[in-house]
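Asks: After the structure tokens below, expect a handful of questions from me.
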Amino acid sequence: MDNAEKILSSRAKLCSQIPDLADNTEEEGGCGVTGFICSIPVTGKNIFEPSVQMHNRGNGKGGGIGAVGFIPETLGVSRKVLDEDYMLHIALLDAGVAQEIENTYIKPYFKIDKFEKLDTLDDYRSIGLEVRPPDIIRYFVRVKHDVLDKFIADEHFTSLDRRDAEDEFVYQNSFKINKQYYASLGEKKAFVMSHGRNMMILKIVGYAENVVRYYKLDDFKAYAWLAHQRYPTRGRVWHPGGCHPFSALNEALVHNGDFANYQSVLEYLKQRNYYPLFLTDTEEAALLLDLWSRVYKYPLEYLIEALAPTSEMDFDMLPVQKQALYKAIQRHHVFSSPDGPWFFIIARNDVQNDQFQLIGITDTAMLRPQVFALQEGEVQVGLICSEKQAIDATLMSLQREDARFGPIADKYWNARGGSHTDGGAFIFSLKDAKDGSGKKQLICTDKFGKVIETPKDKVACDVSKKVKVKAAESKPIEEQLIRLFSETGGSAADKIFTYVRGAMSGFDVEQLRFAIEAIKSYGLKNDAGKQTAITALTLLNDLRYNTGKIKRSSVQQILKINIDELLAASPIIAEKPASHFVQINFATRGALRKPHQTEQTLVIDTEKFEPEGDNCDAVLITKAFKLGWRNFIVYKYRGQRFTGCGLGPSTKGVRIDVYGSSGDYLASGIDGMEIYVHGNAQDQLGQILKSGKLVIYGDVGQTFMYGAKGGEVYIMGNAAGRPLINAVGKPRVVINGSCLDYLAESFMAGDALNGGGFVVLNGLSFDENDGAIRELETPYPGSNIFSLASGGAIYVRDPNRKLVEEQLNGGQFARMTDADWKLIEPYLAENEKLFDITIERLLTVGGEKKAPKDVYRKIRPKKAGSPNKEDDGLAETTE
């Protein structure tokens, strides 16, 4: 019998007489999860802001936080105790059992190095909690030597590493406590919240950020933090025992989604003497992680494959040896791989490899939103969240604590679940730097171990310091800008942009800051100057170009500060100013009125508006529209949803410009208006969009344009999973990057050449070092492109014929005709105007300009009874 079997067999008595834990509750998923890991320890207050940002993914009935990698000063223990002891956190729902638990389960078995009751607020109701959170007793413990010796002898663990045996003792002892004081009782009295080394979990019936408030964690420092917003999808949904995170030993796991095969996973675990006691699929996930990692000792890659198996064409793209390995993993775990929509964030103390980790894993079908981000430099941070706006909120919070952090990540991306490209998972690992400096180094890899990096040798900017530029350097910049601002017509902004972009390679950080601040100051002189400055700074923010020696994220930070200040200088609406620009904020929203004769643009400071509901900015916009406002600039977005929704039919002539971290459902259902998003966007954009124009200067999230009926849409970057599914009518969309999966599934958009809809997919990216346009390895990496479509067409820039018929499911390749090019060329011309991606560049392959038919491929619905290789004489041919 091997060590794994010995461990599992040792639990037979432990798991006997488990009460019937009927699972009679189940709720729909849709939680908010967020986590980050830093190369320096940071305080718990930094998990507060992203948790607040995701109230729209919660309900105040369940929340929790986890932290890994504390520093000794935070907990008042020595480094040796912190590294070696188990941090046992016992939640007391009935304070009367505290002494009994200690006398029965702690003192007889453990050497106690320190214990304490966690400090709390005096009145839980003062922060809006309806249910009093449990008291928490924290013990720093090691198993007594004689106790461990007897355990090893009794369970025949002599071949097991002593520390592994101690881990198992701790796990089994906590199971006994939970069985006695939680699972076996109608009225719960206590449970073990967490018991790992240098890690902690705390959870309440309430919003996650109130964990930080109630247990006074604002100044507690740790390297990794994560949080979950909303009650669990199964089990005792309004109870702290059922809230996330969950842990089996040295990890904290949060989960968005629910398992369709909960019972199957449960039976798999029971066969191995793992018995979930909290009735939630999230606990199942934590137990699977513990079984495969701690007991079976799977490498992380194998563990992820067991959770999210590689499938379809992605499996065929794997090397032959890896196919054989993955086939074996899948065969053994076919009944235990969680099925259904799920996304995990895991913070763990990987004691075997002496590192802390933050891991994000998405299900094979990618049915839950997820965003990853990385910021490198003097300090490093890796972030994983349900929404990009929560990532940005985290970065802004970190910057307030330490100016070495910036408010914009160097890189944002999504994972492709069950894929041969990244495996649907990314791991941020924090270890001691190899240079002996005593510092920590953060390395990000995908499932396969490929390192994710950002451009090196570029300078970050410390905006907390005043600009210092020598007169000899500032004078020529100032003279050039003065001359350009004197230009008449609409050309001034373009010329200012062209000048700064061209000078960027020679600018240092201070010269750039001087130039940008000068543009802002000239824009403050009059309305015409303000419009020129806004346009010029926005072009510098939106477009891709070589930023020279300066990090692009720092350039964007400088631009954001100055754009915000330029907009904030607009007169407040209550002042009744004679200006084209009029500003309104949350405090002055009651002063909303009709525009006066000279007033043209309503500038909305959205910082204090709620994400949705009666007090959100989207409601204010609808009211302003009814009063006669047609041009809107909204800035300082923090994830507010539904921008542009609710204005009703026939809104042609309305324009909304969006700055900051916009939220879900933007432009959904719009009919005629134009919306420009100056950065990345999030999920559910343009749903049931009828008509109008939507421009995104970045990426978009999940289910973009679901059920859309029309509209003209341009995406500078990538679309995540399931864009344009069930779209009908005549939507016309240009996506310059790629998509994760299911592009235009069930597309029902008529005949593209006779007034129907289509998608142009260019398969391009921008080089992170110099901003140049680059071809992606493949224009579309997944399967099910145009799956089950019955109308419309997709035009893919694929000059090297990377796409294959196996990626289609109901579509077929058709010959690209002159009529097809005539149809899409005007949209590519507008795409050029918006993003500076020229048609000439699109038609250039390997330095040679080619005919459209040799660059683009057409995919159309497969005709009934027609094999893919024939299409009434219009089949694509190769020579």
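The values are calculated or read from the model by the stated rules, or taken from the named source; none is laboratory data. Keep in mind that what you see is a predicted model, and the values were worked out from it rather than measured. Here the Cβ is made from the backbone with ideal geometry for all residues, glycine too, and neighbour counts use every protein chain on show. Areas reflect the complete protein model, heavy atoms only, side chains present, ligands, DNA and RNA absent. Shrake-Rupley method; radii C 1.70, N 1.55, O 1.52, S 1.80 Å.
Asks: Whose amide H sits under 5 Å from the amide H of Val603, counting only residues 5 or more places off or on another chain, with H placed in the peptide plane?
Replies: Counting only residues 5 or more places away or on other chains, the set is Val582, Gln583, Ile584, Ile633.
Asks: Follow-up. Taking θ as phi - 60°, what are the ³J(HN,Hα) couplings along region 520-528 by the Karplus curve (6.51, -1.76, 1.60), each to the nearest whole Hz, with x for Gly and Pro?
Replies: The phi angles translate into 4, 5, 5, x, 7, 7, 7, 5, 5 Hz.
Asks: Let me know the charge dipole size of region 155-217 about its Cα centre in debye, to the nearest 20, where only the beta-carbon of Lys, Arg (+1) and Asp, Glu (-1) is charged. It would help to have the intermediate numbers written out before the result.
Replies: Details: 10 positive and 8 negative charges, 83 e Å.
Approximately 400 debye in magnitude.
Asks: How tilted is helix 818-835 with respect to the longest principal axis of the chain? Cα atoms for both, answer in degrees (0 to 90, nearest 10).
Replies: Approximately 80 degrees, to the nearest 10.
Asks: Something else about it: Residues with beta-carbon under 12 Å from that of Gly710, excluding Gly710: net charge, scoring Lys, Arg +1 and Asp, Glu -1? Numbers along the way, then the final one.
Replies: On the way: positive: Lys690, Lys693, Lys709, Lys730, Arg732; negative: Asp671, Glu712.
Summing Lys and Arg as +1 and Asp and Glu as -1 gives +3.
Asks: What does the accessible area per residue of region 108-167 come to in Å², with a 1.4 Å probe and no ligands, DNA or RNA counted? Before the final figure, lay out each step's value.
Replies: Values: 3340 Å² over 60 residues.
Roughly 56 Å² per residue, with all protein chains present.
Asks: Under 19 Å from a label point 7 Å along Cα→Cβ of Lys111: give me every residue in region 169-196 with its amide N that close.
Replies: Flagged as within label range: 169-171, 196.
Asks: Based on the alpha-carbon gyration tensor of region 679-817 and its eigenvalue square roots a ≥ b ≥ c, which shape applies: rounded if a/c is under 1.5, prolate if not and a/b is larger than b/c, or oblate?
Replies: Details: a/c = 1.64, a/b = 1.13, b/c = 1.45.
It comes out oblate by the Cα gyration axes.
Asks: While we're looking at this one, here's another question. If you average the sequence gap of Cα pairs under 8 Å that are 6 or more apart and divide by the length of the chain, what percent do you get for the contact order? Before the final figure, lay out the partial values.
Replies: On the way: 2115 pairs, mean separation 71.8, N = 879.
Contact order relative to length: 8 percent.
Asks: Straight distance only, please: which lysines reach the Cα of Lys549 with their own Cα at less than 16 Å, same-chain residues fewer than 8 apart left out?
Replies: Lys456, Lys458
Asks: When only C-alpha pairs under 8 Å and at least 6 residues apart count, what is the relative contact order of region 632-687, in percent? Display every interim value, and only then the final one.
Replies: On the way: 136 pairs, mean separation 21.2, N = 56.
Across region 632-687, relative contact order equals 38 percent.
Asks: Here's something else I'd like to know. Report relative contact order for region 129-280 in percent, whole number only (criteria: Cα-Cα under 8 Å, sequence separation at least 6).
Replies: RCO, region 129-280: 21 percent.
Asks: Please calculate how many Å² of accessible area region 663-761 carries per residue, with a 1.4 Å probe and no DNA, RNA or ligand atoms counted.
Replies: Details: 2200 Å² over 99 residues.
Per residue, region 663-761 has an accessible area of 22 Å².
Asks: Continuing with this model, one more query. Placing +1 on the Cβ of each Lys and Arg and -1 on the Cβ of each Asp and Glu in the chain, which of Ile47, Ile101, Ala308 has its Cα farthest towards the positive end of the resulting dipole?
Replies: Ile47
Asks: While we're here: His156 versus Thr844, label points 7 Å from Cα toward the beta carbon: distance in nm?
Replies: Between His156 and Thr844, the label points sit 7.3 nm apart.
Asks: Here's something else I'd like to know. Show the residues, 5+ positions off or on another chain, whose built amide H is closer than 5 Å to the amide H of Phe426.
Replies: Close amide H contacts, sequence-distant or interchain: Gly360.
Asks: Additional query: How much length is gained if the chain between His145 and Val334 is pulled fully straight, taking 0.36 nm per residue apart and subtracting their Cα-Cα distance, in nm to one decimal? If you can, show how the numbers build up before the last one.
Replies: On the way: separation 189, 0.36 × 189 = 68.04 nm, distance 4.05 nm.
Stretched fully, the His145-Val334 segment lengthens by 64.0 nm.
Asks: In nm, give the distance between the simple-model label positions of His596 and Gln323, each being 7 Å from the Cα along the Cα-to-Cβ direction.
Replies: For His596 paired with Gln323, the spin-label model returns 7.3 nm.
Asks: At 1.4 Å probe size, with the rest of the protein present, what percent of the exposed accessible area of the chain is carbon and sulfur atoms? Present the calculation step by step, with values, prior to reporting the outcome.
Replies: Numbers: 16270 of 33570 Å².
So the carbon and sulfur contribution to the accessible surface is 48 percent.
Asks: Also: With the dipole of region 540-660 worked out from charges on the C-beta (+1 for Lys and Arg, -1 for Asp and Glu) around the Cα centre, which of Ala568, Val634, Ala591 lies farthest toward the positive end?
Replies: Of the candidates, Val634 comes out farthest on the positive side.
Asks: Given the Cα-Cα distance of Ile482 and Glu401 and 0.36 nm per residue of separation, how much length would full extension add, in nm? The partial results should precede the final answer.
Replies: Working: separation 81, 0.36 × 81 = 29.16 nm, distance 3.77 nm.
Gain on stretching Ile482 to Glu401: 25.4 nm.
Asks: If each residue of separation counts as 0.36 nm, what is the full-extension length gain between Arg774 and Lys863 once their alpha-carbon separation is subtracted?
Replies: Values: separation 89, 0.36 × 89 = 32.04 nm, distance 3.47 nm.
Fully extending the segment from Arg774 to Lys863 adds 28.6 nm.
Asks: Charges on Cβ only, +1 for Lys and Arg, -1 for Asp and Glu, centred on the Cα centroid of the chain; of Met673, Leu803, Leu484, which one is farthest towards the dipole's positive end?
Replies: Of the listed residues, the answer is Leu484.
Asks: Under a Cβ-only charge scheme (Lys and Arg +1, Asp and Glu -1), can you give me the dipole magnitude of the chain about the Cα centre, in debye to the nearest 20?
Replies: Working: 107 positive and 117 negative charges, 283 e Å.
Dipole magnitude for the chain comes out near 1360 debye.
Asks: Cβ under 10 Å from Gln640's Cβ, Gln640 left aside: what net charge do those residues give with Lys, Arg +1 and Asp, Glu -1? Could you put the intermediate results ahead of the total?
Replies: Values: positive: Lys636, Arg638, Arg641; negative: Glu607, Glu610, Glu612, Asp617, Asp664.
In short, -2.
Asks: Which whole-Hz couplings ³J(HN,Hα) result when phi for each residue of region 645-657 is put into the Karplus expression 6.51 cos²θ - 1.76 cosθ + 1.60, θ = phi - 60°, listed in order with x for Gly and Pro?
Replies: For region 645-657, the Karplus curve yields 7, x, 7, x, x, 6, 10, 4, x, 8, 10, 10, 9 Hz.
Asks: Which shape class, rounded, prolate or oblate, goes with region 53-127 when its Cα gyration tensor gives a ≥ b ≥ c as root eigenvalues, a/c under 1.5 marks rounded, and past that a/b bigger than b/c marks prolate? Working shown, then result.
Replies: On the way: a/c = 2.26, a/b = 1.39, b/c = 1.62.
Oblate, since a/c reaches 1.5 and b/c is not below a/b.
Asks: Can you list, largest first and rounded to whole Å, the semi-axes you get for region 150-290 by taking the square root of 5 times each eigenvalue of its Cα gyration tensor? Spell out each step's value before the answer.
Replies: Working: eigenvalues 133, 79, 43 Å².
Over the Cα atoms of region 150-290, the semi-axes work out to 26, 20, 15 Å.
Asks: Something else: If you count, for each residue, the other Cβ atoms within 10 Å and average over each peptide, how do 210-216, 292-298 line up from highest to lowest? Please list the in-between numbers first.
Replies: Working: 210-216: 21.6, 292-298: 19.0.
Going by the mean number of other Cβ atoms within 10 Å, highest first, we get 210-216, 292-298.
Asks: At R0 = 30 Å, how high is the FRET efficiency between Lys456 and Arg801 if r is their beta carbon distance? Nearest 0.05 is fine. All intermediate terms of the calculation are to be shown ahead of the outcome.
Replies: Numbers: r = 34 Å, r/R0 = 1.15.
E(calc), rounded to 0.05, equals 0.30.
Asks: Answer rounded, prolate or oblate for region 683-729, using the Cα gyration tensor with square roots of eigenvalues a ≥ b ≥ c: rounded when a/c is under 1.5, else prolate when a/b is larger than b/c, else oblate. Working shown, then result.
Replies: Values: a/c = 2.31, a/b = 1.24, b/c = 1.86.
Since a/c reaches 1.5 but b/c is at least a/b, the shape of region 683-729 is classed as oblate.
Asks: Going down the table (Lys693/Lys833; Lys822/Lys850; Lys107/Lys216), which pairs top 19 Å between alpha carbons? Walk me through the intermediate numbers first.
Replies: Details: Lys693/Lys833 14 Å; Lys822/Lys850 16 Å; Lys107/Lys216 28 Å.
Violating the 19 Å Cα-Cα cut-off are Lys107/Lys216.
Asks: Assign unit charges at the C-beta atoms only (+1 for Lys and Arg, -1 for Asp and Glu), then state the dipole size of region 289-380 relative to its Cα centre in Debye, rounded to the nearest 20. Write out the running numbers ahead of the final one.
Replies: Details: 7 positive and 12 negative charges, 72 e Å.
The calculated dipole for region 289-380 is roughly 340 debye.
Asks: List the residues of region 498-532 whose backbone N lies under 14 Å from a point placed 7 Å from the Cα of Lys465 along the Cα-to-Cβ direction.
Replies: Residues 508-514 fall inside that zone.
Asks: Per-residue counts of other Cβ atoms within 10 Å, averaged by peptide: what ranking do you get for 737-744, 398-405, highest first?
Replies: 737-744, 398-405
Asks: Taking K and R as +1 and D and E as -1, what net charge do the other residues with C-beta under 12 Å from the C-beta of Gly628 add up to? Please report the intermediate quantities before stating the final value.
Replies: Working: positive: Arg593, Lys594, Lys623, Lys626, Arg630; negative: Glu599.
Result for the neighbourhood of Gly628: +4.
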